[in-house]
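Below you'll find the structure, written out as structure tokens, and then a few comments.
No value in this document is a laboratory result; all are computed from the given coordinates. Computed from a prediction, not measured in an experiment: that's the story for all the values here. In this analysis, Cβ positions are derived from the backbone assuming ideal geometry, glycine residues included, and neighbour counts consider all displayed protein chains.
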Amino acid sequence: MDIRLLSDKEKPPMDLLLLADPSPKMVEEYLKEGESYIAESENQLIGIYVLLPTRPETVEIVNVAVAEKYQSRGIGKLLVKDAIEKAKIKGFKTIEVGTGNSSIGQLALYQKSGFRITGVDKDFFIRNYEEEIYENGIQCQDMLRLAQEL
């Protein structure tokens, strides 16, 4: 598997990005300022993540997505690890991520990757998304904020 920066000439894979964030409007917003990194294997696009500088010395992973047929193979973990390494190389001191209160698997992934919970943005998904989101039988309402010092 190779991970590379998506060039300005390439169109971001919205179908893949929307697996991790169901709002095309939100995805379009952070794609404007973020850098997209895609994972490929045997000329197949299998994953993506987006790094978005948010404050001096701080960057946020705003989307991590793995194509459905490649999920549960550790690719998400490799994407997060790569994002952390890219953030270090670029000189950031802190990397952050936000995930839904119902995103049990993602929450475990981020904590296993060294992130710690730093806060909760209550009702984030209710305020910012038109349709209700459910995962694991739980309504996604709050964004859990996590961070890691680099």
**Q.** Summed side-chain charge close to residue 82 - residues other than residue 82 whose Cβ falls under 14 Å, Lys, Arg +1, Asp, Glu -1
**A.** +2
Q.
Can you list the DSSP H helices in the chain whose Cα atoms extend at least 20 Å along the helix axis and whose mean Kyte-Doolittle hydropathy is 0.0 or higher?
A. 75-89
Q | Coordinate range along principal axes, alpha carbons of the chain, Å, largest first | A | 37, 33, 29
Q | Where GluC sites (Glu not before Pro) fall in DSSP loop in region 69-140, at most 14 other Cβ within 10 Å | A | 130, 131, 132
Q) Packing-wise, with mean Cβ within 10 Å as the measure, how do 53-65, 109-121 rank, highest first? A) 53-65, 109-121
Q | Principal axes of region 49-117: Cα extent on each, largest first, Å | A | 36, 23, 17
(Q) Under 25 °C and 0.890 mPa s, how fast does region 76-150 diffuse according to Stokes-Einstein, given a Kirkwood radius computed over C-alpha pairs? Answer in µm²/s, whole number. (A) 187
Q.
Give the residue list of trypsin sites (Lys or Arg not before Pro) in region 10-109 that are DSSP loop and have at most 16 other beta-carbon atoms within 10 angstrom.
A. 73, 90, 93
